[in-house]
């Protein structure tokens, strides 16, 4: 009976992992952040999506962006990308060589379909204002993605903009009328909270007495407490204390994907691989576009010698967040294990250029680079890497073990 339960548990894990789609670089953009919507007035009259051709869609969207940026007195520095069959409207940051560019990525046909569903001429403007709210509030800079507190702030911004452009209170809330009472993933609040947030922004723009939604404030407080618990857990070395802090975070926000994934890493360090995988998979199903969560699952696969699967997840992580030295280092380790030594050196060089967060990580990368160079018979260069790695972390067990075998 016990054996059957174990087999069933393993099968559930395999099925769950299979639900996670890998990223095809030929089909999607180089995304470092993505927040999807699905998840006296100017008296502006919005042009409906149905009246716009595909060729004119970016111009149509640009005019709406200008209207919104004029309301808040800022310049329009956003780029637009119209995509067929994208089935969303998103605030996206693309990394380039000098920083990040802020985009609004959208599918006109998709917006048209939902505009008809809501029967609301303000729907597209509201969606766009919501996504611009993510950019204006700095949500798109942390590379993490959707969270309930971010969505609430963007909804308030949308309500503010809609009032200023001439939408009524009911028209503004109506951009969420397509949701039922319980719709939405854990990363997005339920409908009544989104109504409340839009209304709060609308009232603020109208100069009405600002009412405070206790439910919204409590959610924000819980999220902040959970976040601080997670930060504390990441700094803690004792596994029991670390696990306790993670559990406290999850009591506040049960669907906190980063905390769930961090819990998986605790079990990974204890070599309880199936539990580690289950938690990391659960987190990634909640938040598919957070690079860190894909990296964590890659680490679990790597520890179980599932090298091809680990490589897929680490490539996903790099694609989502190109400035990610830890991910490049794990890929270098995979290259090293597969005797692709030159590729391992290349990935280590990229990781080092990204200025890793601390000396421990830098030492590990230098160690991996040295091992790859050693296998390429570049002994002098390898020794330089080992020497520098030892300065940064004299107690690197991995490096000491490698050198003992030589």
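The values are calculated or read from the model by the stated rules, or taken from the named source; none is laboratory data. Computed from a predicted structure; not experimentally measured. Virtual Cβ from ideal backbone geometry, glycine too; neighbours counted across all protein chains shown.
Points worth noting:
- The listed residue being in the same structural domain as residue 46 (by TED's automatic domain parsing), closer than 18 Å to residue 158 by Cα, surrounded by 13 or more Cβ atoms within 10 Å (Cβ to Cβ) and at pLDDT 90 or above, out of 177, 172: 172
- Residue in segment 263-274 that is assigned to a loop (DSSP other than H, G, I, E, B), in contact with a helix residue (DSSP H, G or I) (Cβ under 9 Å, 6 or more places away or on another chain), assigned by TED's automatic domain parsing to the domain that holds residue 242 and closer than 21 Å to residue 21 by Cβ present: no
- Residue count, segment 290-320 (criterion: surrounded by 24 or more Cβ atoms within 10 Å (Cβ to Cβ) and either in contact with a strand residue (DSSP E or B) (Cβ under 9 Å, 6 or more places away or on another chain) or outside any helix (DSSP H, G or I) (or both)): 3
- Against the test of being farther than 29 Å from residue 314 by Cβ, out of contact with any strand residue (DSSP E or B) (no Cβ under 7 Å at 6 or more places or on another chain), at pLDDT below 65 and in the same structural domain as residue 171 (by TED's automatic domain parsing), the options 84, 59, 67, 40 yield a single qualifying residue, 40.
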